């Protein structure tokens, strides 16, 4: 018979709780309401409707991406979302998972789109990130702190179309191949 110490048992219970804190979009658990909320929120981005996106926020609340300027209030949030939708008219936001803790909800997403809006580079982006939400008692967003790899975003946004990445890494460096010149 196995003997399990109290410390090992406590560790196993804690690990189990942490692992169960996240749910995938197709799971039906207690967080189904959160998954539905996050799915609808992602849909407003994908449908290019910044006013509908802003309606997920309580009045006079905040939306921020990385260390960027805070957008405060639904009108300003709609303007910010509108500028993103305008820059990436074909953008799609897909829910990856929703994680809930006592303090906040993490909405993990996958974003794809092409920067073909006014002054755009014409380059596609394909990024994953998350928003950390603080929700009100009535289920609206009080604060959203977006997190994504800005360096990777900038790299994709300003990539030279004549340059393609080779997926091999040597000594931790990514090799780049110039495909604009062909060798015969």
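The values are calculated or read from the model by the stated rules, or taken from the named source; none is laboratory data. Treat the numbers as computed from the prediction; the structure is a model and nothing was measured. Here Cβ is always computed from backbone atoms with ideal geometry, including for glycine, and neighbour counts include all displayed protein chains.
Results, tabulated for the structure shown:
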{"quantity": "Checking residue 119 against (1) at positive phi; (2) at pLDDT 95 or above; (3) exposed (fewer than 15 other Cβ atoms within 10 Å of the Cβ), the condition it does not meet", "calculated": "(2)"}
{"quantity": "Filter pass, residue 164 being in contact with a strand residue (DSSP E or B) (Cβ under 7 Å, 6 or more places away or on another chain), at pLDDT below 95 and closer than 19 Å to residue 115 by Cα", "calculated": "yes"}
{"quantity": "Subset of segment 104-137 [assigned to a loop (DSSP other than H, G, I, E, B), touching a strand residue (DSSP E or B) at 6+ places or on another chain (Cβ under 8 Å) and under 18 Å from residue 57 (Cβ atoms)]", "calculated": "104, 136"}
{"quantity": "Residue match in segment 24-31 (condition: in contact with a helix residue (DSSP H, G or I) (Cβ under 8 Å, 6 or more places away or on another chain) and modelled with pLDDT of 95 or more)", "calculated": "no"}
{"quantity": "Only listed residue being surrounded by 15 or more Cβ atoms within 10 Å (Cβ to Cβ), touching a helix residue (DSSP H, G or I) at 6+ places or on another chain (Cβ under 6 Å) and within 20 Å of residue 40 (Cβ to Cβ), chosen from 82, 113, 129", "calculated": "82"}
{"quantity": "Failed criterion for residue 77 (all others in (1) farther than 21 Å from residue 117 by Cα; (2) modelled with pLDDT of 95 or more hold)", "calculated": "(1)"}
{"quantity": "Odd one out for residue 142, checked against (1) over 19 Å from residue 34 (Cα atoms); (2) surrounded by fewer than 19 Cβ atoms within 10 Å (Cβ to Cβ); (3) at pLDDT 95 or above", "calculated": "(1)"}
{"quantity": "Members of segment 138-153 that are over 17 Å from residue 85 (Cα atoms) and outside any strand (DSSP E or B)", "calculated": "138, 139, 140, 149, 150, 151, 152"}
{"quantity": "Filter result (without any contact (Cβ under 8 Å) to a residue 40 or more places away in the chain and part of a loop (DSSP other than H, G, I, E, B)) within segment 28-67", "calculated": "28, 29, 30, 47, 49, 55, 67"}
{"quantity": "Residue list for segment 69-79, filter: in a helix (DSSP H, G or I) and in contact with a helix residue (DSSP H, G or I) (Cβ under 7 Å, 6 or more places away or on another chain)", "calculated": "74, 77, 78"}
{"quantity": "Subset of segment 89-103 (residues that are surrounded by fewer than 17 Cβ atoms within 10 Å (Cβ to Cβ) and assigned to a loop (DSSP other than H, G, I, E, B))", "calculated": "89, 90, 101, 102, 103"}
{"quantity": "Residue 160 more than 18 Å from residue 48 (Cα to Cα), surrounded by fewer than 17 Cβ atoms within 10 Å (Cβ to Cβ) and more than 16 Å from the chain's Cα centre (by Cα)", "calculated": "yes"}
